Amino acid sequence: MLKQVAEGVLVHESEFLQSNSVVVQGRAGVLLLDPGITTGEMAALASDLRELDQPIVAGFSTHPHWDHVLWHADFGEAPRYGTARCADSLQDLLSQADWTDQVAEGLPPEYAEEIPMELLGLITGLPAGAAQIPWDGPEVRIIEHQAHAPGHAALLIDERGVLVAGDMLSDILMPFLDLEAANPIEDYLSALLLFESVADDVVAVIPGHGSVGGAEQLRARIEQDRAYVEALRDGGVSDDPRVGPSAPLDWLPDVHRWQVQGLAQREQQNGTPE
Ligand SMILES: [Zn+2]
């Protein structure tokens, strides 16, 4: 079930929203990034890794949304990391008595019963500003930004030229802003600049949802996402095909309208445009 994207970098794509889990080969085992969605597929991934004689030595979640912070007992007890902000945000959630209800509300009904909540979000925050994931394998650089979710980390595996983008740079989803943040538009545009600054070193970009792209795709996606966010900033009219009549998912135009409205409301409340 694993596809090789670069030497020692493998991807498993879930049926749910083309979610990508990434396996990076290290010296004594693998690093597992954004572990997966359903109980069945995580168990299958764990069994594949066992057959390859590759224990999981560390996990990492790119950001604190439910579909990136799940875990399966068969993965074992390796430390699971995230940025300090990511871990804080999850701790906040898990400290609320009704957190399972809150998460359940957001689950896709057709998969809800197959999504295990038991080990959700048990993430250890790395020290604020940590530059890389602590593990015995190729250096994985943390590119932290505040677009899409608090403490979102994209990961750059320099030696392999791979950028793991989390919920950014997708071919099937337009940018989803974090409308609860103080400066959602600015945050998004700054994150895209960060990606642009490393683009020369990237041969493959793996989005949290969607298809793996090459170097040209990376640049095209940065441009497309920037155009979309700038259109949101400038009033919301976008010719982005991901939110048009032939959107890859029929609910995306609704999310687009919701983002436009959310930003307009903020502007009214704050009295100043973003
Ligand atoms: Zn997300």
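Hey, can you tell me all the residues within the stretch 127-157 that are within 16 Å of the ligand (Cβ to nearest atom) and either more than 17 Å from the chain's Cα centre (by Cα) or polar (S, T, N, Q) (or both)? Passing the criteria: only Gln146. Does Glu118 qualify as being of a type in the set (Asp, Glu) and assigned to a strand (DSSP E or B)? It is false that Glu118 is of a type in the set (Asp, Glu) and assigned to a strand (DSSP E or B). Among the residues making up the stretch 253-265, those that are surrounded by fewer than 18 Cβ atoms within 10 Å (Cβ to Cβ) and touching a Leu at 6+ places or on another chain (Cβ under 7 Å) are Val260, Gly262.
Evaluate the following for Ala44: is it hydrophobic (A, V, I, L, M, F, W, C), over 27 Å from Gln146 (Cα atoms) and open to solvent by 10 Å² or more (accessible area, probe 1.4 Å)? Yes; evaluated as a whole, the condition is true for this residue. Scanning the stretch 158-169 for residues that are small (Gly, Ala, Ser) and away from the ligand (no atom under 13 Å from the Cβ) gives a single hit, Gly161.
Selection of the stretch 192-241 for residues being open to solvent by less than 20 Å² (accessible area, probe 1.4 Å), in contact (Cβ under 8 Å) with a residue 60 or more places away in the chain and outside any strand (DSSP E or B) yields Gly208, Gly210, Asp240. Based on this model, can you work out whether Leu119 counts as touching a residue at least 24 places away in the same chain (Cβ under 8 Å) and out of contact with any Ser or Thr (no Cβ under 8 Å at 6 or more places or on another chain)? So Leu119 fits the description; yes. So for the stretch 22-41 (the condition being open to solvent by 10 Å² or more (accessible area, probe 1.4 Å), more than 14 Å from Trp71 (Cα to Cα) and acidic (Asp, Glu)), does at least one residue qualify? Looking for residues that are open to solvent by 10 Å² or more (accessible area, probe 1.4 Å), more than 14 Å from Trp71 (Cα to Cα) and acidic (Asp, Glu), one finds none in the stretch 22-41, hence no.
Within the stretch 87-110, the set of residues being more than 19 Å from the chain's Cα centre (by Cα) and hydroxyl-bearing (Ser, Thr, Tyr) comprises Ser95, Thr100.
Is it the case, given these coordinates, that Pro108 is surrounded by fewer than 19 Cβ atoms within 10 Å (Cβ to Cβ), closer than 21 Å to Ile37 by Cβ and within 16 Å of the ligand (Cβ to nearest atom)? Taking the combined requirement at face value, the residue satisfies it.
Within the stretch 60-81, the residues that satisfy the criterion of being out of contact with any helix residue (DSSP H, G or I) (no Cβ under 7 Å at 6 or more places or on another chain) and within 18 Å of Glu144 (Cβ to Cβ) are Phe60, His65, His68, Arg80, Tyr81.
The values are calculated or read from the model by the stated rules, or taken from the named source; none is laboratory data. The model shown is predicted, which means the values in this text are computed figures rather than measured ones. In this analysis, Cβ positions are derived from the backbone assuming ideal geometry, glycine residues included, and neighbour counts consider all displayed protein chains. We work out accessible area using only protein heavy atoms, side chains counted, and drop any ligands, DNA or RNA first. Shrake-Rupley method; radii C 1.70, N 1.55, O 1.52, S 1.80 Å.
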